[in-house]
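The values are calculated or read from the model by the stated rules, or taken from the named source; none is laboratory data. Since we're looking at a predicted model, the values are computed, not measured. Note that each Cβ is placed from the backbone with ideal geometry, even for glycine, and that neighbours are counted across all protein chains shown.
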Amino acid sequence: MLLKNKVAIITGAASQRGIGRATAACFARHGAQVVILDLDENAARHAAEELGAGHLGLAANVTDPAAVRQAVSRVVSEFGRIDVLVNNAGITQPVKTLEISIEDYNRILDVNLRGTLLMSQAVIPTMQQQGGGSIVCLSSVSAQRGGGIFGGPHYSAAKAGVLGLTKAMAREFGPDQIRVNALTPGLIQTDITGGLLQDERRHAIIDGIPLGRLGAADDVANAALFLASDLASYLTGITLDVNGGMLIH
């Protein structure tokens, strides 16, 4: 078990078919005590209960500094440490550049980028005190290729910001043995994308993926497991693509 006796926080992990939920299940199978943070407290608790005994579900808005600090304080009080943070919480919006309102911009940037910063700020002091930890930040292939299929330019910008933030934190906190890495998933079949792809469009997309299929949430979860575990003990500041070859660069 790669995460035995480790405590892992995963944000935005209550959605049944989401990347966060798959990551929570993967981490639990590998021995971690998992904390699921989500806007919906009941959904977070239910998701944690489904993992079995010893896991925790909490409500937290990752864009709210006070809510983030309160949730992280509860985790430390409950488990005494934080070994892994997966910054998974994110939202998207399929609009064009000239359609982006200030409200849209703030909403997309707040959840995807500010949430990543606030959660990282909240857990890093604990990781420093205990001598190390691992932070995994979810970016997107849209940050690399200049736009995705479902995300607008503000989403691409937010996810590109996550890559920059990841690298800067990796450089800053490497001396504390805190590793910070990013994942850039391609098109993954989740609750968000499940109802948006018609068969004709799906086939067109798959034709451009060398591995010949859309990604599954478990594909991303397994990559997060690798980065969170000691298998990646000499990796920090990297961007790990999980896109089936959709973007090779």
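Residues that are touching a Leu at 6+ places or on another chain (Cβ under 9 Å) and surrounded by 21 or more Cβ atoms within 10 Å (Cβ to Cβ): list the helices (runs of 4 or more DSSP H) wholly contained in region 1-105 that include at least 3 such residues.
Numbers: elements: 19-29, 41-51, 65-79.
Qualifying helices (runs of 4 or more DSSP H): 19-29, 65-79.
If you go through region 148-157 one residue at a time, do you hit one that is surrounded by fewer than 18 Cβ atoms within 10 Å (Cβ to Cβ) and not polar (S, T, N, Q)?
So the first thing to find is which residues in region 148-157 are surrounded by fewer than 18 Cβ atoms within 10 Å (Cβ to Cβ), and the list is 149-150.
Add one more test, that the residue is not polar (S, T, N, Q), and what stays is 149-150.
So far as region 148-157 goes, yes, one or more of its residues are surrounded by fewer than 18 Cβ atoms within 10 Å (Cβ to Cβ) and not polar (S, T, N, Q).
Can you tell me how many residues within region 204-231 are surrounded by 16 or more Cβ atoms within 10 Å (Cβ to Cβ) and part of a loop (DSSP other than H, G, I, E, B)?
3
Looking at (1) touching a residue at least 12 places away in the same chain (Cβ under 8 Å); (2) within 22 Å of PRO210 (Cα to Cα), which is the only condition GLN128 fails?
Of the numbered conditions (1) touching a residue at least 12 places away in the same chain (Cβ under 8 Å); (2) within 22 Å of PRO210 (Cα to Cα), the odd one out for GLN128 is (2).
Tell me the residue from ASP191, ASP207, ASP199 that is touching a Ser or Thr at 6+ places or on another chain (Cβ under 6 Å) and modelled with pLDDT under 95, please.
ASP191
One line per residue, one yes/no per condition, for (1) surrounded by fewer than 15 Cβ atoms within 10 Å (Cβ to Cβ); (2) in contact with a Gly (Cβ under 6 Å, 6 or more places away or on another chain):
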site	(1), (2)
LEU109	no, no
THR116	no, no
GLY164	yes, no
ALA170	no, yes
PHE173	no, no
ARG179	no, no
GLN189	no, no
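Would you check if there is a residue in region 145-159 being assigned to a helix (DSSP H, G or I), touching a residue at least 24 places away in the same chain (Cβ under 8 Å) and in contact with a Cys (Cβ under 6 Å, 6 or more places away or on another chain)? Break it down stepwise before answering.
Let us first name the residues in region 145-159 that are assigned to a helix (DSSP H, G or I), namely 145, 153-159.
This time we only want the ones that are touching a residue at least 24 places away in the same chain (Cβ under 8 Å), so: 145, 153-155, 157-159.
Applying the additional criterion that residues be in contact with a Cys (Cβ under 6 Å, 6 or more places away or on another chain) yields none.
No, that holds for no residue.
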